[in-house]
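The values are calculated or read from the model by the stated rules, or taken from the named source; none is laboratory data. As the structure is a prediction and not an experimental result, all values here were calculated from the model. Note that each Cβ is placed from the backbone with ideal geometry, even for glycine, and that neighbours are counted across all protein chains shown. These accessible areas exclude ligands, DNA and RNA; they are computed on the full protein's heavy atoms, side chains included. Shrake-Rupley method; radii C 1.70, N 1.55, O 1.52, S 1.80 Å.
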Amino acid sequence: MIIFFVDQNLKKLPLSEILDIKKLDNVNKHIEEANGLPNECYVNNDYLAHEKEKIFFNKWTVIGVASSTPNPGDTRPHNLLGVPLIVLRDKDKKIRVFHNVCSHRGFKLLDKSCTLKNVIRCPYHSWSYDFNGKLVATPHIGGLNNHQSEKFDKIKSSLKEVKTKVWMDIIFVNINSNEIEFDEYIKPLKNRWSKFINLKDQKSLVHSKDYGYFNLEVNCNWKFAIENYCESYHLPTIHPELNKVSNIDDHYHIQGLPNRFAGQGSKKYEQPVKGNKKFHTFSNWDKNMLKNSEYIALFPNVMIGLHIDHFYVFWLEPLTINKTKEHMQMYYVGNESANGEELKELRKENSRFWKDVMLEDINAIEGMQEGRNSPVYNGGNFSPIMDQPTHQFHKWVANNLI
Ligand code: FES
Ligand SMILES: [Fe+2]
């Protein structure tokens with residue numbers, strides 16, 4: 001029997017050998033002249049190595065939500081394009097992210113979610129780290145029953161911590177520690193949404209425990225989910241039911257500047273209702289914008305939906321160049337709406353509603369993936385009116401690659 005080993009990371013080809021750099025310049029042209037990102041950005045494994053570094057490690061990337069590890073000691077592993085990470089809630093309830101690798105001989109420390117008491121213990125030779133990542137135990141390091149060694153300085157072997165920030169329950173990491181500070185990064189979006197919700201009062205956003213999560217695996221590159229989310233152009237064809245309530249004409253574009261986010265808003269949001277029951281609403285929502293809802297993709301990999309009575313975080317886990325896991329996390333205003341028995345049915349319906357919308361989108365995004373195998377496609381053209389936010393995302397990717 002012959003076994004073939006394939007290692008995508010064996011050799012990183014220069015970007016110019018993978019695609020024609022001029023095609024990336026084309027993306028940057030005015031929308032009327034621009035083409036979209038070239039096919040390689042969706043189908044080529046060598047390209048993914050560049051994207052991993054320049055998009056996912058250099059930027060503030062989302063790896064989940066804090067509610068998934070609610071109590072001190074709760075921990076879960078996460079794999080970011082092959083890089084193993086640990087998400088941990090420490091004793092002060094702070095979310096911390098470490099590289100999931102033992103400092104001794106490189107064993108992957110954590111394999112599945114669990115609640116730890118005091119330490120992260122390596123299954124191989126039992127070296128243990130406290131919740132600050134500090135190496136605290138090295139059994140038999142100096143020979144049998146000798147747990148210290150003069151020749152070994154524990155201080156130098158702490159776990160490597162990743163720059164992390166939690167905002168609206170979303171966990172952002174900057175693997176290469178080279179992006180601007182998160183507070184500055186998020187400022188434009190935070191300012192925009194200050195007319196809707198008080199972001200200091202994050203306690204009002206409560207994750208729902210019963211109908212607060214679902215995921216979908218899609219056969220396409222992660223970028224298709226973002227570019228599709230940014231535009232309302234596809235409403236009549238892909239979401240005919242949704243289009244009856246909130247028509248393509250009731251939408252407006254959102255272009256975040258500096259270029260970090262884009263999306264769309266609706267002026268016709270109707271709160272879901274069952275009998276006479278509705279979800280609680282945000283108390284400081286702008287009274288002139290009661291029917292507004294906004295759908296923003298914060299680059300690279302999170303899509304946020306903000307409504308007067310609920311909020312969702314739809315984040316993407318890229319698995320391979322053409323496979324993505326979509327995670328949907330849902331929040332309500334206060335515990336009664338998020339977890340109370342009275343509104344359970346309404347939560348179930350709301351979750352079902354969004355799942356149906358996301359399922360409808362799968363046809364669109366997987367169809368684009370198939371199309372990207374065509375040698376005659378040149379990245380395509382944008383509608384100068386309808387595709388502005390999508391073009392903005394393409395430009396963001398292209399500029400970060402070059
Ligand atoms: S590799 Fe972790 S203790 Fe040896
Ligand atoms: Fe859609």
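Report whether or not residue 110 is hydrophobic (A, V, I, L, M, F, W, C) and within 30 Å of residue 171 (Cβ to Cβ).
yes
Scan the range 170-179 and give yes if some residue there is within 16 Å of the chain's Cα centre (by Cα), in the same structural domain as residue 346 (by TED's automatic domain parsing) and among the aliphatic types (A, V, I, L, M), otherwise no.
no
Condition check: more than 8 Å from ligand 1 (Cβ to nearest atom), farther than 21 Å from residue 79 by Cα and surrounded by fewer than 18 Cβ atoms within 10 Å (Cβ to Cβ). Does residue 118 satisfy that?
Yes; evaluated as a whole, the condition is true for this residue.
Please verify whether residue 27 is hydrophobic (A, V, I, L, M, F, W, C), over 30 Å from residue 184 (Cα atoms) and modelled with pLDDT of 95 or more, treating the condition exactly as stated.
no
For the range 17-109, give me every one of the helices (runs of 4 or more DSSP H) that falls completely inside it and has 1 or more residues that are without any contact (Cβ under 8 Å) to a residue 12 or more places away in the chain and not acidic (Asp, Glu).
Filter on the range 17-109 gives 21-27.
For the range 204-213, how many residues are in a strand (DSSP E or B) and either under 10 Å from residue 325 (Cα atoms) or touching a helix residue (DSSP H, G or I) at 6+ places or on another chain (Cβ under 6 Å) (or both)?
2
When you scan the range 349-367, do you find a residue that is assigned to a strand (DSSP E or B) and more than 21 Å from the chain's Cα centre (by Cα), even just one?
For the range 349-367, residues assigned to a strand (DSSP E or B) and more than 21 Å from the chain's Cα centre (by Cα): absent.
What pairs come up if the first residue lies in the range 230-246 and is open to solvent by 60 Å² or more (accessible area, probe 1.4 Å), the second is more than 10 Å from ligand 2 (Cβ to nearest atom), and their beta carbons are under 6 Å apart, counting only those six or more places apart or on different chains?
Correct list of pairs: 233/386.
If we scan the range 243-266, do we find a residue that is hydrophobic (A, V, I, L, M, F, W, C) and within 12 Å of ligand 2 (Cβ to nearest atom)?
yes
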